[in-house]
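Report on the structure given below.
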Amino acid sequence: MRLFKLISGGAAIAISLPTLAWGQDAPTLESLAANDAFVFNTLLFLLGGFLVMWMAAGFAMLESGFVRTKNVSMQCLKNISLYSVAGLMFWVLGYQLMYGGGDYFGKFAVMSFASEDVATGYSSYSDWFFQMVFCATTASIVSGTVAERIKFWPFIIFTVFLTGLIYPIVGSWEWGGGFLDSKFGFSDFAGSTLVHSTGGWAALIGAIILGARKGKYSEDGTVNPIPGSNMPLATLGVFILWLGWFGFNCASQLAMGTITDADAIAKIFVNTNMAAVAGVITAVIYTQLRYKKIDLTMALNGALAGLVAITAEPLTPSVPTALLIGSIGSLLACLAVPLLDKFKIDDVVGAIPVHLVAGIFGTLVVPLTNDSATYFGQFIGVVSVGLFVSIISAIIWYSLKLTIGIRVSEEDEYIGLDQSELGVPAYPEFVKS
């Protein structure tokens, strides 16, 4: 009997707890559903956010593998520094530029969020974190292209402008409800143009103004390949990026509180993965046919090009269409590599073919599967972003070049940036004493 009373009393307390937790009135089914949706949506932003943050490690490993031994420490320093700068600038200014609705400086340097209301659908903090790691990804794209000959501090200064000004303004045109969204119906689900092409344009202008590495191109037009230091490390970097891309694309659904959203996220997972699969296979076959030998670096960038291409619209394509988009994105990236060499544009890691070329292609083909987008609107978006980012980047790069200089001396380039700028070699056993 005593046991029965204890059980009965415990049950009564358990039944009354929800009522106590929600105040005097018991929660309705609608309020419980809204509460659950808030939790799941917030969780999606946080899980997606830390996966995209992990992409910073992928970029660092990829670049460390693609540069020569004497420049590895510098690439590691640049990547952890640019991520930190992006975080600071997006807190100080970027988030308000992107989503402030014109009140750009209303929360300058003291950004805070109001008490959460279940009706908002997610925690504002989780949204800020998710958007911030996208901003950092944009800067990571530039780092690899200008590697092995750029000074550290000019690169960081450019990163300040890219993450605090250029990327947030571009993002506001579509994700912030700006003119590309409201007037042209431009659609870029997770950022083939807003993130990847933005970084690609900034990298292209930087590479042109900076110039090629010494010895890369001969006066007679011969291209002299400069092999990277560590292909296993570069391969690891691509697998990390591939994993992080599931957060990049899937969490861009922006909701996980319903069966429909959960199913959409699952479909995005599949399409994202299959586009990368097609990218690798296409690059392997292409290099075998074109060069008679398979190029590992092309295969690695083929995966990334497939991922970039599908990022503009990973939900509406069928799996065969996703395979096709990833394959064509990879092929275009492969074709762009010798084109850059023809113009003597030195891109150390191949970021321009991957992020710019595949990003443009992926954006332009969105209407193929998404009826809400138009080819004209997509074209306007690509051109608008390209012109804006190129012009502003050129002004910043040239200003830095004319003032503090952006390129290390020929002697410092020869001995490597690890020694000349850092004094901390990544592989000290290979450094001559």
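Laid out as a table, the results:
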| quantity | calculated |
| --- | --- |
| The lone exception for Asp261 - which of (1) in contact with an Asp or Glu (Cβ under 7 Å, 6 or more places away or on another chain); (2) assigned to a helix (DSSP H, G or I) it fails | (1) |
| Any hit, segment 279-298, residues being of a type in the set (A, V, I, L, M), under 17 Å from Ser252 (Cα atoms), part of a helix (DSSP H, G or I) and in contact (Cβ under 8 Å) with a residue 60 or more places away in the chain | no |
| Close pairs from segment 174-200: first within 16 Å of Phe388 (Cα to Cα) and in contact (Cβ under 8 Å) with a residue 40 or more places away in the chain, partner assigned to a loop (DSSP other than H, G, I, E, B) and of a type in the set (D, E, K, R), Cβ under 7 Å, at least 6 apart | Glu174/Asp188; Leu194/Asp188 |
| Verdict on Leu304 being among the aliphatic types (A, V, I, L, M) and either over 19 Å from Leu243 (Cα atoms) or touching a strand residue (DSSP E or B) at 6+ places or on another chain (Cβ under 6 Å) (or both) | no |
| Tally, over segment 165-186, of residues that are within 23 Å of Ala351 (Cα to Cα) and crowded, with 22+ Cβ neighbours inside 10 Å | 5 |
| Failed criterion for Gly381 (all others in (1) touching a Phe, Trp or Tyr at 6+ places or on another chain (Cβ under 9 Å); (2) not in a helix (DSSP H, G or I) hold) | (2) |
| Count - residues of segment 215-238 that are within 14 Å of Lys342 (Cβ to Cβ) and either hydroxyl-bearing (Ser, Thr, Tyr) or in contact with a Leu (Cβ under 8 Å, 6 or more places away or on another chain) (or both) | 3 |
| Identity of the residue in segment 335-358, aliphatic (A, V, I, L, M) and assigned to a loop (DSSP other than H, G, I, E, B), that ends up farthest from Phe59 (Cα to Cα) | Ile345 |
| Within segment 212-245, tally of residues that are within 11 Å of Leu300 (Cα to Cα), surrounded by fewer than 20 Cβ atoms within 10 Å (Cβ to Cβ) and hydrophobic (A, V, I, L, M, F, W, C) | 3 |
| Residue match in segment 369-386 (condition: of a type in the set (Val, Ile, Thr) and within 16 Å of Phe155 (Cβ to Cβ)) | no |
| Filter result (assigned to a helix (DSSP H, G or I) and either hydrophobic (A, V, I, L, M, F, W, C) or buried (at least 18 other Cβ atoms within 10 Å of the Cβ) (or both)) within segment 393-418 | Ser393, Ala394, Ile395, Ile396, Trp397, Leu400, Leu402, Glu413, Ile415, Leu417, Asp418 |
| Hits in segment 64-78 (condition: touching a Ser or Thr at 6+ places or on another chain (Cβ under 6 Å) and over 16 Å from Pro428 (Cβ atoms)) | Gln75, Lys78 |
| Matching residues, segment 421-433, being crowded, with 18+ Cβ neighbours inside 10 Å and small (Gly, Ala, Ser) | Ala426 |
| Segment 364-378 residues that are crowded, with 17+ Cβ neighbours inside 10 Å, paired with ones that are aromatic (Phe, Trp, Tyr) and in a loop (DSSP other than H, G, I, E, B) (beta carbon under 7 Å, 6 or more apart) | Gly377/Phe184; Gly377/Phe186; Gln378/Phe186 |
| Criterion: buried (at least 23 other Cβ atoms within 10 Å of the Cβ) and under 30 Å from Gln131 (Cβ atoms) - qualifying residue of Ala255, Ala309 | Ala309 |
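Each value in this text was obtained by applying a stated rule to the coordinates, not by laboratory testing. Given the structure is predicted, the values throughout are model-derived calculations rather than measurements. Here the Cβ is made from the backbone with ideal geometry for all residues, glycine too, and neighbour counts use every protein chain on show.
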